[in-house]
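Scroll down for the structure; my scribbles are underneath it.
The values are calculated or read from the model by the stated rules, or taken from the named source; none is laboratory data. As the structure is a computational prediction, the values presented were derived from the model and not from experiment. Here Cβ is always computed from backbone atoms with ideal geometry, including for glycine, and neighbour counts include all displayed protein chains. Ligands, DNA and RNA are stripped out before the accessible areas are found, and what is left, the full protein with its side chains, is counted by its heavy atoms. Shrake-Rupley method; radii C 1.70, N 1.55, O 1.52, S 1.80 Å.
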Amino acid sequence: MTVQDDFLQEAVERAASVFEGFKIEVVGDRIIMTPQSSVQSLIAADVLIAARASGIDRKRVYTDVPFRFPGEPQRSPDVSIVEEGAEDPFSHQDLLAAVEIVSSKNDKNDYVIKVQQYAHFGIPAYLIVDPFRGECDLLTLPENDAYASRRTYKFGDTVPLRLADGSEVAIPTDTFGRRA
């Protein structure tokens, strides 16, 4: 990490101690503060429940836990599924799936910046849940700074999340809330 990355990460930690109810993270060279909504919270809980119902051990599914990316700011997916035996502090190599829940309309962070970063570091599965569109985009097969496969599911569908370790998580989206 560079001096600027260290500075930004320290600023995030200071801001997190002052501002409650916000997800605070470094995206590129900016600090992004996103108010958390009840819709986001409930969707994250539904994804956690689906992972557990699919047999994923609770010590492999997390919300808002930071992951280290070499030369990049840490990233804290809304929901993450890690390799069996992965231990905190986590690195990008532990991450089998990242789930991000879009927090604002026309969000470049989830659709552009995070796609590039997750693909660049080989995160096998990236699920973008968009309560504004009522859709989920499942991105797999990372190549360079993009994903070779993108499937879109409407709220009401079940998203078949296949993990690199061979396990599968069926994520029903019929209870996912919408935002205007």
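Give me the distance between the Cα centres of region 33-95 and region 127-171, rounded to whole Å.
15
Just the number, please: carbon plus sulfur as a percent of the accessible area of the chain, 1.4 Å probe, no ligands or DNA/RNA counted.
49
Rounded if a/c is under 1.5, else prolate if a/b is larger than b/c, else oblate: which is region 85-162, with a ≥ b ≥ c the root eigenvalues of its Cα gyration tensor?
Prolate, since a/c reaches 1.5 and a/b exceeds b/c.
Just the number please: accessible area per residue for region 64-149, 1.4 Å probe, all protein chains included, in Å².
In whole numbers, region 64-149 has 39 Å² accessible per residue.
Taking K and R as +1 and D and E as -1, what net charge do the other residues with C-beta under 11 Å from the C-beta of Tyr62 add up to? It would help to have the intermediate numbers written out before the result.
Numbers: positive: Arg58, Lys59, Arg60; negative: Asp64, Asp78, Asp88, Asp94.
Once all neighbours under 11 Å are counted, the net charge is -1.
What is the distance, in nm, between label points placed 7 Å from the Cα along the Cα-to-Cβ direction at His120 and at Glu87?
2.9
Packing-wise, with mean Cβ within 10 Å as the measure, how do 157-170, 62-75 rank, highest first?
The packing order, highest mean first, is 62-75, 157-170.
Please state the relative contact order of the chain as a whole percent: Cα pairs under 8 Å, 6+ residues apart?
17
Please sort 95-105, 129-139 by packing, taking for each peptide the average over its residues of neighbouring beta carbons within 10 angstrom, highest first.
Final packing ranking: 95-105, 129-139.
Give the calculated FRET efficiency between Lys105 and Thr63 to the nearest 0.05, with a Förster radius of 22 Å applied to their Cβ-Cβ distance.
0.45
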